[in-house]
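A quick write-up on the structure given underneath.
The values are calculated or read from the model by the stated rules, or taken from the named source; none is laboratory data. Nothing here was measured: the structure is a model prediction, and the numbers come from that model. With ideal geometry, Cβ positions are generated from the backbone for all residues, glycine too; neighbour counts draw on all protein chains shown.
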Amino acid sequence: MKTLRQYLDETACEEPLKDLIELIAYQSIPIRDAFIDNQSYAGTENTYGEEQAALDKWADDHIISVLGKSGFVKAIASEEQADIVRFPDAFGDYAVVMDPLDGSSLIQVNLAVGTIVGIYRGGDALQKGEDLAVAMYMLYGPMTVLTITVGGGVYTFALDSDGIFVLLKENVRIPEGTLFGSGGIRNEWLPGHHDFISLCEQKGGKLRYSGSFVADFHQILTYGGIYCYPAARGKPEGKLRLVFEANPIGFIAKQAGGAISDGTQDLLTVLPEKPDHRTPIYVGSKSLIDAAESCMKEHN
Ligand code: P6P
């Protein structure tokens, strides 16, 4: 079976970028091994006032340490860091954006969580999503699965018993499905979002929402449908972050024939104002993204 390195050798990626991709992807092994000793909450909050799980901090510290020592990376923007972490002496010129452990509230209930990563050339972490060189996520489910694009389509790999990522699927495309999931509290949803969710139900869509963006998106990538975390009353920016969550996942979605929007525009064209730029998110099958934008438009 084709390995991650064999796939990368068939792409136009430069050698340092291939090495950086593999370095990040294989951190899934120590991260997964750390689950058992990091079940609790850390007693601290991140920059968003969200309680940090012990594994949030462990994964963040671990990846920053590994990338800092590698010399590949000039800057890291992490959901768990208030500011961009800089390595001015790095020989490489890449910027990494990451949510080191997305969905960490599910660690204690043994549900699937993930690591979301984007890589930019040029050392600047606050670039548009459409300018990503690499978008990838590691999903810690029954298998450890890597989903990645370097701009030539989406590929998935699974970690085998020898600890090697081997190809599962090539040129993954998001089908026009009807699964839907939405975060937020129903009685805080705005009219346009209410209308869109009603439309999804009228289409016979099934509700799939676990509390883990990576796991929920992976279902959408496979079966088609939409993941939403909308704006709400008093929360016009929604909850999720443009830089660390929306852009890498949205880049993968677009490469797979889907789309990502804030309900009014293609999120990949939005220039991040700051590392903690929050945004409403609709990501998945193109026809459902178009339907969501139509519902929002009727109420704006
Ligand atoms: P809620 C996890 O904190 C996360 O960023 C996503 O992974 C997930 O989809 C969402 O937030 C869950 O948020 O408000 O439903 O707990």
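Below are the figures for this structure:
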{"read-out": "Enumeration of residues in region 57-101 that are assigned to a loop (DSSP other than H, G, I, E, B) and among the polar types (S, T, N, Q)", "value": "Q81"}
{"read-out": "K254, sole failed condition from (1) over 17 Å from L288 (Cα atoms); (2) away from the ligand (no atom under 14 Å from the Cβ); (3) not in a loop (DSSP other than H, G, I, E, B)", "value": "(1)"}
{"read-out": "Residue count for region 68-109, restricted to those that are away from the ligand (no atom under 16 Å from the Cβ) and over 20 Å from Q127 (Cα atoms)", "value": "6"}
{"read-out": "Qualifying residue in region 42-53 (condition: surrounded by fewer than 20 Cβ atoms within 10 Å (Cβ to Cβ) and part of a helix (DSSP H, G or I))", "value": "no"}
{"read-out": "Test: residue in region 275-289 that is among the hydroxyl-bearing types (S, T, Y), assigned to a helix (DSSP H, G or I), more than 16 Å from the ligand (Cβ to nearest atom) and surrounded by fewer than 22 Cβ atoms within 10 Å (Cβ to Cβ)", "value": "yes"}
{"read-out": "Residues that are surrounded by 24 or more Cβ atoms within 10 Å (Cβ to Cβ), more than 10 Å from the ligand (Cβ to nearest atom) and of a type outside the set (A, V, I, L, M, F, W, C), drawn from region 203-249", "value": "G225, P230, N247, P248"}
{"read-out": "Some residue of region 19-33 being in a loop (DSSP other than H, G, I, E, B), within 22 Å of the chain's Cα centre (by Cα), within 16 Å of the ligand (Cβ to nearest atom) and surrounded by 20 or more Cβ atoms within 10 Å (Cβ to Cβ)", "value": "no"}
{"read-out": "Residue within region 39-58 that is closer than 23 Å to I164 by Cα and of a type in the set (V, I, T) present", "value": "no"}
{"read-out": "Candidates A42, A77, filtered to the one that is touching a residue at least 12 places away in the same chain (Cβ under 8 Å) and under 18 Å from the mean Cα position of the chain (by Cα)", "value": "A77"}
{"read-out": "Which listed residue, of A75, A82, is buried (at least 18 other Cβ atoms within 10 Å of the Cβ) and within 18 Å of D276 (Cβ to Cβ)", "value": "A75"}
{"read-out": "Pair list, Cβ < 6 Å and 6+ apart or interchain, from region 278-290 residues that are over 13 Å from P230 (Cβ atoms) and outside the structural domain of K239 (by TED's automatic domain parsing) to residues that are modelled with pLDDT of 95 or more and not in a helix (DSSP H, G or I)", "value": "none"}
{"read-out": "Residue ranges of strands (runs of 3 or more DSSP E) in region 144-212 with at least 3 members of a type outside the set (G, A, S)", "value": "144-149, 154-159, 165-169"}
